[in-house]
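Notes to accompany the following structure.
The values are calculated or read from the model by the stated rules, or taken from the named source; none is laboratory data. What you are looking at is a predicted structure, and each value in this text was computed from that prediction instead of being measured. Here Cβ is always computed from backbone atoms with ideal geometry, including for glycine, and neighbour counts include all displayed protein chains. Protein only, heavy atoms only, side chains kept; ligands, DNA and RNA dropped before computing areas. Shrake-Rupley method; radii C 1.70, N 1.55, O 1.52, S 1.80 Å.
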Amino acid sequence: MSTFEFDEIGPWSEIKLDIVREYAQAYSQILSAQTKPNLKHVYIDAFAGAGLHISRSTKEFVLGSPLNALNVNPPFCEYHFIDINRARSEALQEVGRQQSNVFVHDGDCNKVLLEKVFPQVLYKNYRRGLCLLDPYGLHLDWQVIYTAGQMKSIEIFLNFPIMDMNMNVLKHDPDTVPLEQAERMTRYWGDESWKEAAYSSEGNLFGCLEKTTNETLVEAFRGRLAKVAGFKHVSRPLAMRNSQKAVVYYLLFASPKPVAEQIVKDIFKKHETRL
């Protein structure tokens, strides 16, 4: 395996990995049992990493989402792992070298997903996909999310990176937001309506714009997943908190199927006491 330092992850990331692993297991069982018609189901990881992490709390290796997915039984028909870091993608290639149905893509997931992976998961071709969109920050383009929603064949777990937003974009005075940071937010959100969700003058005696709450912002984005992207079923966001109980990001799930939302709701409920 390529020599480089594995990412160190906090307890909240380990919880996320457990959530995705448990749903991937349920998803693969359901799709594998589908015979009329036979469906080909695909696992997609857009920010796959190297396949392994180091636990911040135990200093031991933790299986990343790609290895968790490869351990699911019954297996997925195909696996698509994407990472923009060459060393990480080379590590993944070594992991999947023995399996002909593992495809590792080296590059920007925003381009790879739209040009190479999503076209292989078309509804009309009886293909279905579970896609993990877990960026470190505002590194995801809305077009990816929108396309997944319109396809009706893809379910997504989505990282809503509220900490990056609060640190770099959502200044208390909206006029002081750096242009390049505002553009990052717009690419993720899809348009500039994030400004209406992030700032409000309601309740302000002087009519000045003030920041809204994290909860208000993520709920507005949840609405976009349903009304704009076209996902029929969108979970309530699960706040992923660090050891100081600050919200690092929200985990969202979106699907065309009601049974999928119910399964994720139960998994979220099981794990939220750990946060």
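Of the listed requirements (1) surrounded by fewer than 17 Cβ atoms within 10 Å (Cβ to Cβ); (2) touching a strand residue (DSSP E or B) at 6+ places or on another chain (Cβ under 8 Å), R241 misses just one: (1). Looking across D7, D18, one residue alone is touching a helix residue (DSSP H, G or I) at 6+ places or on another chain (Cβ under 7 Å) and acidic (D, E). It is D18.
Restricting attention to segment 98-141, and to residues there that are in a strand (DSSP E or B) and touching a Cys at 6+ places or on another chain (Cβ under 9 Å), which single residue is farthest from N166 (Cα to Cα)? Ranking the qualifying residues of segment 98-141, first place goes to R127.
Suppose the filter is over 17 Å from the mean Cα position of the chain (by Cα), surrounded by 13 or more Cβ atoms within 10 Å (Cβ to Cβ) and of a type in the set (D, E); does E210 pass it? Answer is yes for this residue.
Determine which single condition Q93 fails, assuming it passes every other condition in (1) modelled with pLDDT under 95; (2) among the polar types (S, T, N, Q); (3) more than 24 Å from K111 (Cβ to Cβ); (4) open to solvent by 10 Å² or more (accessible area, probe 1.4 Å). Tallying (1) modelled with pLDDT under 95; (2) among the polar types (S, T, N, Q); (3) more than 24 Å from K111 (Cβ to Cβ); (4) open to solvent by 10 Å² or more (accessible area, probe 1.4 Å), Q93 fails exactly one: (3).
Among the residues making up segment 142-157, those that are closer than 22 Å to M185 by Cβ, more than 11 Å from the chain's Cα centre (by Cα) and either hydroxyl-bearing (S, T, Y) or in a strand (DSSP E or B) (or both) are Y146, T147. Tally time: how many residues in segment 179-194 are within 16 Å of N110 (Cα to Cα) and either in a loop (DSSP other than H, G, I, E, B) or touching a residue at least 12 places away in the same chain (Cβ under 8 Å) (or both)? Adding up the residues that qualify gives 6. Out of all the residues in segment 167-178, is one or more surrounded by fewer than 15 Cβ atoms within 10 Å (Cβ to Cβ), part of a helix (DSSP H, G or I) and under 21 Å from the mean Cα position of the chain (by Cα)? There is at least one residue in segment 167-178 that is surrounded by fewer than 15 Cβ atoms within 10 Å (Cβ to Cβ), part of a helix (DSSP H, G or I) and under 21 Å from the mean Cα position of the chain (by Cα). Taken as a whole, segment 60-69 holds no residue that is surrounded by 21 or more Cβ atoms within 10 Å (Cβ to Cβ), more than 19 Å from N159 (Cβ to Cβ) and over 18 Å from the mean Cα position of the chain (by Cα). For E202, all conditions in the list (1) open to solvent by 50 Å² or more (accessible area, probe 1.4 Å); (2) in contact (Cβ under 8 Å) with a residue 60 or more places away in the chain hold save one; what is the number of the exception? Unmet condition: (2).
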